[in-house]
Structure formats: structure tokens, C-alpha cells
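Worksheet for the structure shown next.
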Amino acid sequence: MDGTVDGVVEEGSTRGSSSRTDASLSGEDERRDSDHSQRTHETHPDDERSLPLREFYPYIRCALCNGFFIDATTITECLHTFCKSCIVKHFFYSNRCPNCSIVVHQTQPLYSIRPDRQLQDIVFKMVPYLEEDERSRIYAFYKQRGLDVPKPVGSPAMYPGKLHQRQKKDIQSVFTIPSELDVSLMLEFVGAEKGIENYKPLERKYVRVSGEATVHHVELFIRRKMELSQNCKVDVVCGEHLLEQYQSLREVCKTMGKNALQDGMLVLHFGLVLTAQ
């Protein structure tokens with residue numbers, strides 16, 4: 001390019017002002033090509049942008065202990081994630097999510113959490129030595145107490161031959177129904193008294209609960225899901241009998257017999273009425 005410019009300038013000494021104009025245009029073309037080359041280099045798809053780890057802290061740290069996720073566990077109701085040990089301890093004294101305060105489960109919030117192994121694998125890959133340090137702490141914990149050290153659970157990349165088997169096992173564990181949830185309900189909405197408005201439809205009419213739960217628990221569930229106001233009452237009926245709030249669902253099943261069941265589910269009809277002023 002320098003030789004070309006020199007040639008243009010030399011020739012311009014014999015051809016006058018028109019040659020000087022050609023030389024200036026050549027210089028502009030050179031600068032334009034340089035700028036285009038620089039922009040192309042800056043936006044090349046193979047280039048990777050590096051970000052500091054702290055920018056990812058909101059996504060890989062537990063809000064309860066402020067540490068990186070260990071055994072990342074997600075609440076199925078709101079999809080907020082915490083360390084497994086942190087969220088289990090939290091549910092000892094509360095049934096609400098620590099982040100958004102949603103009621104996770106009225107009586108058994110631990111039924112509504114699931115391990116998030118994919119997120120945990122990402123955290124281990126992003127934070128150097130975190131997985132190795134955690135394994136060392138687990139090993140020391142069991143050895144100090146004279147217990148058998150459990151076999152470590154690696155990421156799918158470490159055990160590619162067992163990936164399909166692990167995925168199948170995870171799916172089975174997700175859909176395993178705890179033995180305590182021994183009553184299946186079908187909740188049928190029959191209508192609302194005139195004057196009751198602005199309520200949401202009940203999207204989940206099929207519910208599995210403990211037989212120890214009472215009709216009052218069913219009413220609370222309906223109130224929360226339909227966002228009912230305090231000036232309306234929920235009447236729950238089984239067959240032709242209006243149920244009392246104190247009755248347990250196991251008692252209702254025994255009292256009403258098979259006539260109250262449909263495909264193995266206890267059918268409860270409910271309606272909304274205005275409370276007496």
C-alpha cells in the first residue's frame with residue numbers, strides 16, 4: 001500500500017492537481033479498509049467475551065447461606081433454587097419460599113422440592129475446586145464419625161455409559177408418590193351465589209393429599225387457588241351430605257363408602273356462598 005501511495009504522489013508531480021485528488025481518495029480508501037477490518041475483527045463470531053465470576057453470583061449462590069450452590073434444589077411451585085441443606089432446614093419452621101414467600105405446601109413443603117443437577121454441574125464447572133473441596137468435606141465428615149462414606153455422584157460427563165440409566169432413575173424418583181398421600185381428590189365446582197365475582201377458576205381439580213387432612217384444609221386450598229375474598233364461604237359436599245370442617249378426608253371416605261368414589265378418587269363438590277352479615 002505504501003508503494004502504491006508513493007507511485008501516485010510521484011505521478012502527481014507531473015500531472016498537477018488532478019493527481020493530488022486521486023492520492024487523497026486513495027488515502028480515504030485505505031482508512032476505510034482499515035476501519036472495516038478492525039470492525040470485522042471486533043465482531044468475529046469466534047471471539048468470546050470474558051466476564052468476571054461475580055456477575056453470575058445472583059444465579060449460582062444460595063440466598064440463605066450466600067455460598068455457592070451445593071446439592072442445588074429447586075422449589076417446584078416458584079422455581080427458586082437453594083442449597084439442599086439450607087432449604088430443608090428452612091422448612092423446619094416455615095412452609096414459604098425464602099425468596100418470594102409463596103406457600104410451598106400447606107403441611108409438607110419437602111414434597112415440593114426437586115434436585116437441580118444440571119444447575120449444580122454448571123456451578124461446579126464455573127467455580128474452580130468447589131466440587132473437589134466439597135467431596136473432601138463429605139469424606140472428612142463421615143470418617144470423623146466412623147460412618148461408611150457414600151459413593152460420590154459425578155456429573156453425566158464423568159459417567160457417559162450410565163447417563164441413560166441415571167436419567168431413567170431420576171424420572172422415576174420425581175413421580176414417586178409418598179405413602180402419606182393416600183387420598184386422591186376430584187374437586188368439582190358447582191357454581192357461586194349471585195353477588196360473588198372476581199374469582200379465578202380452579203385449574204387443578206385433581207389433588208392427592210394425606211388422609212389426615214380435613215375439609216378445612218380443602219377449603220383453604222380452594223381459597224388460595226381461586227383467590228377468594230373473605231366475604232364468601234366455601235361449602236363442600238360429598239354425595240348429598242354437607243361436610244363439616246373438622247372431618248378428616250379418611251373419615252369421609254369410610255363414612256361415604258364406595259358411592260363417593262369415582263375411578264378410585266373421592267369426589268367432592270363445592271360451591272361459593274356469601275357469608276351471613
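The values are calculated or read from the model by the stated rules, or taken from the named source; none is laboratory data. From a predicted model like this one, the values you see are computed outputs, not experimental measurements. Neighbour counts are summed over all protein chains in view; Cβ atoms, including those assigned to glycine, are modelled from backbone coordinates with ideal geometry. Calculation scope for accessible area: heavy atoms of the full protein, side chains included, ligands and nucleic acids excluded. Shrake-Rupley method; radii C 1.70, N 1.55, O 1.52, S 1.80 Å.
Each residue of the stretch 197-207 in turn: what ³J(HN,Hα) in whole Hz from Karplus with 6.51, -1.76, 1.60 and θ = phi - 60°, glycine and Pro shown as x?
Per-residue couplings from phi come out as 9, 6, 10, 7, x, 7, 7, 10, 8, 9, 9 Hz.
May I ask for the net charge around residue 203, where only other residues with Cβ less than 14 Å from the Cβ of residue 203 are counted and Lys, Arg are +1 while Asp, Glu are -1?
It works out to a net charge of +2.
With the crude spin-label approximation of a point 7 Å out along Cα→Cβ, what separation in nm comes out for residue 107 versus residue 79?
Those two pseudo-labels are separated by 3.0 nm.
If each of residue 237 and residue 205 carries a label point 7 Å out from its Cα toward its Cβ, how far apart are those two points in nm?
The two pseudo-label positions are separated by 1.6 nm.
From Cα coordinates alone, what are the radius of gyration and Dmax values for the stretch 213-264 in angstrom?
Radius of gyration, then largest Cα-Cα span, for the stretch 213-264: 12.0, 35 Å.
Provide the solvent-accessible area of residue 214, counting protein heavy atoms only and rolling a 1.4 Å probe, rounded to the nearest 10 Å².
30 Å²
Packing-wise, with mean Cβ within 10 Å as the measure, how do 250-261, 116-127, 135-146 rank, highest first?
Those peptides, ordered most packed to least, come out 116-127, 250-261, 135-146.
In nanometres, what is the gap between the two model label sites at residue 53 and residue 134, each 7 Å from Cα along Cα-to-Cβ?
Taking the two extended label points, one gets 1.4 nm.
Go through 86-92, 187-193 and give me the packing order, highest mean Cβ count within 10 Å leading.
Descending mean neighbour count gives 86-92, 187-193.
Taking amide H positions as placed 1.01 Å from N in the peptide plane, with prolines and chain starts having none, which residues 5 or more places from residue 232, or on another chain, fall under 5 Å of its amide H?
275
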